[in-house]
1. Before we move on, is Phe149 touching a helix residue (DSSP H, G or I) at 6+ places or on another chain (Cβ under 6 Å) and on the phi < 0 side of the Ramachandran plot?
2. Please go through the range 130-147 and give me each residue that is under 12 Å from Phe105 (Cα atoms) and of a type outside the set (Phe, Trp, Tyr), ordered by number.
3. Counting only residues that are in contact with a helix residue (DSSP H, G or I) (Cβ under 7 Å, 6 or more places away or on another chain) and open to solvent by less than 40 Å² (accessible area, probe 1.4 Å), how many does the range 90-104 have?
4. If you scan the range 313-339, which residues turn out to be open to solvent by 80 Å² or more (accessible area, probe 1.4 Å) and either in contact with a Ser or Thr (Cβ under 6 Å, 6 or more places away or on another chain) or closer than 23 Å to Lys290 by Cβ (or both)?
5. Examine the range 145-156 for a residue that is touching a strand residue (DSSP E or B) at 6+ places or on another chain (Cβ under 7 Å), more than 16 Å from the ligand (Cβ to nearest atom), over 22 Å from Ser212 (Cα atoms) and open to solvent by 10 Å² or more (accessible area, probe 1.4 Å), and state whether such a residue exists.
6. In this structure, is Ser111 farther than 29 Å from Gly146 by Cα and of a type in the set (S, T, N, Q)?
7. Check whether at least one residue in the range 116-128 is of a type in the set (S, T, N, Q), surrounded by fewer than 22 Cβ atoms within 10 Å (Cβ to Cβ) and touching a Phe, Trp or Tyr at 6+ places or on another chain (Cβ under 9 Å), and report yes or no.
Amino acid sequence: MQVKEWKKNIRTVVPYIPGEQPKEENVIKLNTNENPYPPSKKVMDKLKEIENLRLYPDPSAKLLVDEIAKHFHVNSNQVFVGVGSDDVLAMAFLTFFNGKNPIFFPDITYSFYDVWAELFRIPYEKQALDSEFRIKKEDYYKENGGIIFPNPNAPTGIGESLVFIEDIVKHNQDSVVIIDEAYVDFGGESAISLVEQYENLLVVQTFSKSRSMAGMRIGYAIGSETLIQAMQNVKYSFNSYTMNQPSISLGVESLKDQTYFEETVKKIINTREWFGEELKKLGFEFPNSKTNFLFVTHPIYSAKDMYEKARKERIYVRYFEKPRIDNYLRITIGTEEEMKALLTFFKKYMEIR
Ligand SMILES: *Cc1c(COP(=O)(O)O)cnc(C)c1O
């Protein structure tokens, strides 16, 4: 049978699959790195005052851009905002990765990167992490069309130092280097301090994890005026109104409450350290995490089986059926109570085997 001409012209992509959002109630949800605590009270109070939804939002999201600029001590023309960092990253791929050389990112990393590369038809080459899941920086010194990786990396949780990041940027002054800092607030070192010096460095962060606002969809990039202006031009050629009005004003409120932010981040770090010690007692192994999750494996028990059995008990963790990491679980750090429930599950699971 003849394939219709229009069908041949459909753009076919294999989409990114986000972590499951369970429909059932009373679940312990440790599978998508959400924050277990609510946003700042300032955010919730402001939410009740939201009005004028009949009007278009400010396309430049000026209030939010200015507040982010103030927070990080950069100029407003060095800040780009978008609908979560996924939107910001997609826009950055579209804006900067247009060369003939392949872009580089790690073989084990955020699985959206190859999806965007495929979607935008950007050539790419994955660089293998070493046997301990560390990025080998020399791999990134070869000729390339751009570089992107998260720091700390996901789903490994491993964070590299600012010196390490600067080395990669220094060796790549002819490429745009994007550092995805979705988890940096949980103990990583931010590269924002380098954007003044390196015009080709873009740092991307989000309100989804450390600021408990995944549902609001706020992400941003900080870089040189040149990079930010280029992204603005692409954005305004695509959709002027990316940020909705509530996101703009609630994002501002979140930034105003530094005390609450620091408190919740600290709680999560403390829970992570305690939970990690408990996991070690059960024989689990994992790299040192600078994020709000642990990437764990067990020498005896199968990750896939534990994932499936935990799910039946309404405890959701993340399992990736992928080369090199198919015997690992990525466990989001929830409240202490949630982590205790997971520990109870593991103990029961190990006894009944
Ligand atoms: C969560 C995450 C993002 C996307 O977060 P948004 O909710 O779109 O801001 C981007 N990169 C990494 C590595 C992440 O883990």
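The values are calculated or read from the model by the stated rules, or taken from the named source; none is laboratory data. All figures in this text were calculated on a predicted structure; none of them were measured in a lab. Please note: Cβ atoms are built from the backbone with ideal geometry, for glycine as well, and neighbour counts cover all protein chains shown. Note: accessible area is taken over every heavy atom of the protein model, side chains too, but ligands, DNA and RNA are not part of it. Shrake-Rupley method; radii C 1.70, N 1.55, O 1.52, S 1.80 Å.
1. The answer is no for Phe149.
2. Matches in the range 130-147: Ile135, Lys136, Lys137, Asp139, Asn144, Gly145, Gly146, Ile147.
3. Number of matching residues: 7.
4. Of everything in the range 313-339, those that are open to solvent by 80 Å² or more (accessible area, probe 1.4 Å) and either in contact with a Ser or Thr (Cβ under 6 Å, 6 or more places away or on another chain) or closer than 23 Å to Lys290 by Cβ (or both) turn out to be Lys322, Arg324, Glu336.
5. Yes - at least one qualifying residue is present in the range 145-156.
6. Criteria not met by Ser111.
7. Yes, that holds for at least one residue.
For (1) within 24 Å of Gln205 (Cβ to Cβ); (2) aromatic (Phe, Trp, Tyr), each residue gets a yes or a no:
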{"residue": "Pro106", "(1), (2)": "yes, no"}
{"residue": "Val115", "(1), (2)": "yes, no"}
{"residue": "Lys136", "(1), (2)": "no, no"}
{"residue": "Tyr140", "(1), (2)": "yes, yes"}
{"residue": "Ile147", "(1), (2)": "yes, no"}
{"residue": "Pro152", "(1), (2)": "yes, no"}
